[in-house]
Amino acid sequence: MASLRVFAVAFLMCGATVMAQQSGTFGVGRTPTADEIKAWDISIGPTGEELPEGKGTVREGAQLYRSKGCAGCHGANAIDGKAPNLKSKAPATADVWARGRILPLRAPHATTVWDYINRGMPLNREGTLTADEVYSLTAYLLFINDVVKEDVVLDAKTLPQVKMPIGNDYASLPDWKPKTPRLKGYVETTPPPKK
Amino acid sequence: MGAKRPDRRGFLKSGAALAGGFTVGAVAPAIGQDQEHHGPQMIHEGKDQIAYGDRSKHVTSVRIAHGGRPSPDPWGLTFHIAAPLQDSVGVITPSSLHYIGTTRGSFLPDIDPKEHRLMIHGLVDRPLTFTMEDLKRFPSVTRLHFIECAGNRSSRRAKNVQETHGMTSCAEWTGVLLSTLLKECGLKGSATWFVAEGSEEIKGASSMPIAKAMDDAFVAYGMNGEAVRPQQGFPLRLMVPGFEGIFHTKWLRRIKIVDRYYINYNDFGHLDRDPKVAALDYQIGPKSVITFPSAGQQLPGKGFYEISGLAWSGGGAIKLVEISTDGGKRWNKAEFKSTPQRMAHARFSLMWNWDGKETEILSRCTDEIGQVQPSREQIAKYWNKPYDQTFSVQGLDNSIQPWKIAGDGSVTNGFA
C-alpha cells in the first residue's frame, strides 16, 4: 500500500510539472505594486486615462518656454531653431497636411504632445518637468498653432478633449498578419513580366 | 619594412653549409621563405588582446554617419550610422559594424544589467517585472534577423552601397519569445496593441499590433554569440522581425498591453494620410542589392568575377534572387551561399565573365510569400506618376539598385 501511495504522489507531481508547462507559466518574475507601475507608466494614450493631476495655462507655458531653455533650440518664436519647428510657417487656412510635420499641430491627439514633452524634453534634463509645467507648455504650443484659445486651462480632463485640426484625416495602420504582403495589389505583389 | 627582420635566407644557407653533404638544390628556399616573404611580423599581444581580440590593423572597414547628419551631432547625440556593406562577406554583420539608429538622436545609456528590469503590465491578468536573470530562465530562441531603418534609401548623390543601403544589418539574436512572457502574464481578451519603451533619456516608445507580439517578437539579450552591445540596446532589445528598425526598441524596460493604437511620438513619425503609404511604412518589402561589384569599387579588367550581394524581406525568407548583367534585359538565377532564413539577410552570388564593355548590373528578389522587388519605374507606374528626377518612392524604398560599370572597370551609382 505504502509503495502504491508513493507512486501515486510521484505520478501526480509529474502531472503537475507537465501541466505547468502546458499552461505556459513558469512562475518566474515578480508582481510589481500598483505604485511601481504608476511610477513607470508614462505612456499617455488618446483617452488620457494615465494623465496625472495638475493643470497649466498658455501664459505660464510662454514663460516656461523661455525659462526652461526651449527657445534656445527651437527658436524664440518656435521656428527656425536648430531643433524641429514647433509652429507652422504656413497660414492657418492651409490644409493641415501642407503645414509641415509640426507635433503640436499635426498630432491626432493633444495627449501625444503632452506625452512627448514629458518623456523627451528638455534635452539633457528629460523627466525633470512637473506635471503642471508639461500642461502649461502643451497649452502654449497648442495656442501658438491656433489649436486652443489663449484662456484655455489644460488638465487631465480637458487635454484629451482638445480637437486637433487633423481630425480623422489620417490613415490607420494596416491590420498586420504574419506571412501577408505589406500592401495587397501593390506592384511588388504582381510578378514582373517574363521576357 | 623588412630591414629589421633577421635574414632567414642567410641563416638557412649557413645552416646548410654547416650540416654539409647536401646538394645546392636542398637549400633552395621553401615556398613562402623567398626574398619577399620572410614571414609576417608579430602582433604583440598584450593582456587586453588575449582577453578580447581585435581585428587586423590592415582591415579598415568602418561605419559612417548616414544622411548628412553627423554623429555625434551638435548636441552630442548619436543618430544614424551606416554599415560598410561593400566590405561584407556572408550574412552576419559584426556587432561593431552593425548599423545604428536612435529615436530623435540619443545618448548611449550605460546600464548595469543587475539593476535592469523589464515590466509587462496593462491588459494582463498578472503584471510582472523581470530581472535579466529571470529572463534567462525562460526557454530561449536563437534566430538570424536583419534590422533595417526606414530611412534606408538610395539617392542620386550616394557614392557607394554604404550610402545607398548601409542602414541595414543582420545578426544572430538570442532571447525569449514575447508570447512566452505574455502567457506568463496572462493576456486579456481585449488586448489589441502593445507599447514598447526603452530606458534611454528620451524613453523612445512605439505601438505595435498584438498579433506581432504573439507571432515571432522576442526580447533579445544575446547578439552574435555575446551580450547585445550597448549601441544595440544592452542589456535587452525588442526584436520584431521584418518591421522597420525603429520598432526594435533598444534598452527595453517596459511593455504595456493596450486596447488601441497609442500614437506615441515614434508613431507620430509614421503618420500618413494615405492608407496605402501607411501600409508601406511598416513591414519591410522584398529588397536586394549587389555589394560586389558596387559603386566606388574598381574591376581590374575583363574576365571572371563572382557577383555577390544581400537580399532580405519583412515578409519571410528569400526564395529567389535574379541578377541581370545587361541592364535588365535578361535575368539569371543567383545561387544562395547558405539556406535563406526568415527575415534575415541572404547572401547570393553569380559567376560572371565580363567582356570589358560598359554595362549595368542589377539584382531583384522574390520572398516566400511571392512579393517581388520592383524597379523604380514600376513603382512610379503604380502611383501614376512620371518617372523622372523628382520621383520619390513612397514608404520604405525597396527598389532595384542599378550599378553602372564603365569600360575602364569603374563602378558607379546607376541613379546618378
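Things worth noting here:
- A:Gly100 vs. criteria out of contact with any helix residue (DSSP H, G or I) (no Cβ under 7 Å at 6 or more places or on another chain) and not aromatic (Phe, Trp, Tyr): yes
- Members of the stretch A:182-195 that are assigned to a loop (DSSP other than H, G, I, E, B) and either away from chain B (no Cβ under 14 Å) or buried (at least 19 other Cβ atoms within 10 Å of the Cβ) (or both): A:Arg182, A:Leu183, A:Tyr186
- If you check B:Gly309, B:Gly314, B:Gly296 for being in the same structural domain as B:Leu396 (by TED's automatic domain parsing), surrounded by fewer than 22 Cβ atoms within 10 Å (Cβ to Cβ) and under 28 Å from B:Ala346 (Cα atoms), only one passes: B:Gly296.
- Pairing each residue of the stretch B:146-167 that is closer than 15 Å to B:Pro293 by Cα with any residue that is of a type in the set (Gly, Ala, Ser), provided the two are 6+ apart or on different chains, yields C-beta distances under 6 Å for B:Lys159/B:Gly296; B:Asn160/B:Ala295; B:Asn160/B:Gly296; B:Val161/B:Ser294; B:Gln162/B:Ala82; B:Thr164/B:Ser154; B:Thr164/B:Ala158.
- The set of residues in the stretch B:337-351 that are buried (at least 16 other Cβ atoms within 10 Å of the Cβ) and out of contact with any Pro (no Cβ under 6 Å at 6 or more places or on another chain) comprises B:Pro340, B:Gln341, B:Arg342, B:Ala344, B:His345, B:Arg347, B:Phe348, B:Ser349, B:Leu350.
- Filter pass, B:Ala380 being within 23 Å of the chain's Cα centre (by Cα) and among the aliphatic types (A, V, I, L, M): no
- One residue from B:Gly105, B:Gly90 being surrounded by fewer than 18 Cβ atoms within 10 Å (Cβ to Cβ) and not aromatic (Phe, Trp, Tyr): B:Gly90
- Exactly one residue among A:Gly56, A:Gly45 is buried (at least 18 other Cβ atoms within 10 Å of the Cβ), under 19 Å from the mean Cα position of the chain (by Cα) and under 18 Å from A:Val162 (Cβ atoms), and that residue is A:Gly45.
- Test result for B:Gly151, in contact with a Lys or Arg (Cβ under 7 Å, 6 or more places away or on another chain) and of a type in the set (Gly, Ala, Ser): no
- Options B:Leu144, B:Leu187; residue that is of a type outside the set (Ser, Thr, Tyr) and either within 9 Å of another protein chain (Cβ to nearest Cβ) or closer than 21 Å to A:Gly27 by Cβ (or both): B:Leu187
- Single match in A:Asp146, A:Asp132 (criterion: away from chain B (no Cβ under 14 Å) and touching a strand residue (DSSP E or B) at 6+ places or on another chain (Cβ under 9 Å)): A:Asp132
- In the stretch A:134-161, the qualifying residues are those that are assigned to a loop (DSSP other than H, G, I, E, B) and of a type in the set (Asp, Glu), and the one that is surrounded by the most Cβ atoms within 10 Å (Cβ to Cβ) is A:Asp146.
- Residues that are over 16 Å from the mean Cα position of the chain (by Cα) and within 14 Å of another protein chain (Cβ to nearest Cβ) number at least 2 in the following strands (runs of 3 or more DSSP E) confined to the stretch B:242-312: B:252-258.
- Scanning the stretch A:78-126 for residues that are in contact (Cβ under 8 Å) with a residue 60 or more places away in the chain and either assigned to a helix (DSSP H, G or I) or out of contact with any Gly (no Cβ under 9 Å at 6 or more places or on another chain) (or both) returns A:Ala78, A:Val96, A:Trp97, A:Leu105, A:Arg106, A:Thr111, A:Thr112, A:Trp114, A:Asp115, A:Asn118, A:Arg119.
- Residue ID - farthest from the other protein chains (Cβ to nearest Cβ), chosen from residues in the stretch B:371-399 that are free of Cβ contacts under 8 Å to residues at least 12 places away in the same chain and small (Gly, Ala, Ser): B:Ser392
- Those strands (runs of 3 or more DSSP E) of the stretch B:186-234 in which at least 3 residues are among the hydrophobic types (A, V, I, L, M, F, W, C) and under 22 Å from the mean Cα position of the chain (by Cα), considering only elements entirely within it, cover B:218-223.
- Residue satisfying condition, being over 14 Å from the mean Cα position of the chain (by Cα) and of a type in the set (S, T, N, Q), within set B:Ser169, B:Ser155: B:Ser155
- Condition check for A:Pro178 on (1) within 30 Å of B:Ser313 (Cβ to Cβ); (2) in contact with a strand residue (DSSP E or B) (Cβ under 8 Å, 6 or more places away or on another chain); (3) not polar (S, T, N, Q): one failure, at (2).
- Those residues of the stretch A:108-125 which are within 7 Å of chain B (Cβ to nearest Cβ) and closer than 19 Å to B:His270 by Cα, in sequence order: A:Pro108, A:His109, A:Thr112, A:Asp115, A:Tyr116, A:Arg119, A:Gly120
- Hits in the stretch B:161-185 - residues which are part of a helix (DSSP H, G or I) and under 23 Å from B:Tyr261 (Cα atoms): B:Leu178, B:Ser179, B:Thr180, B:Leu181, B:Leu182, B:Lys183, B:Cys185
The values are calculated or read from the model by the stated rules, or taken from the named source; none is laboratory data. Bear in mind that the values here come from a model prediction, so they are computed numbers and not experimental data. Glycine also receives a Cβ, built like all others from the backbone with ideal geometry; neighbour counts cover every protein chain displayed.
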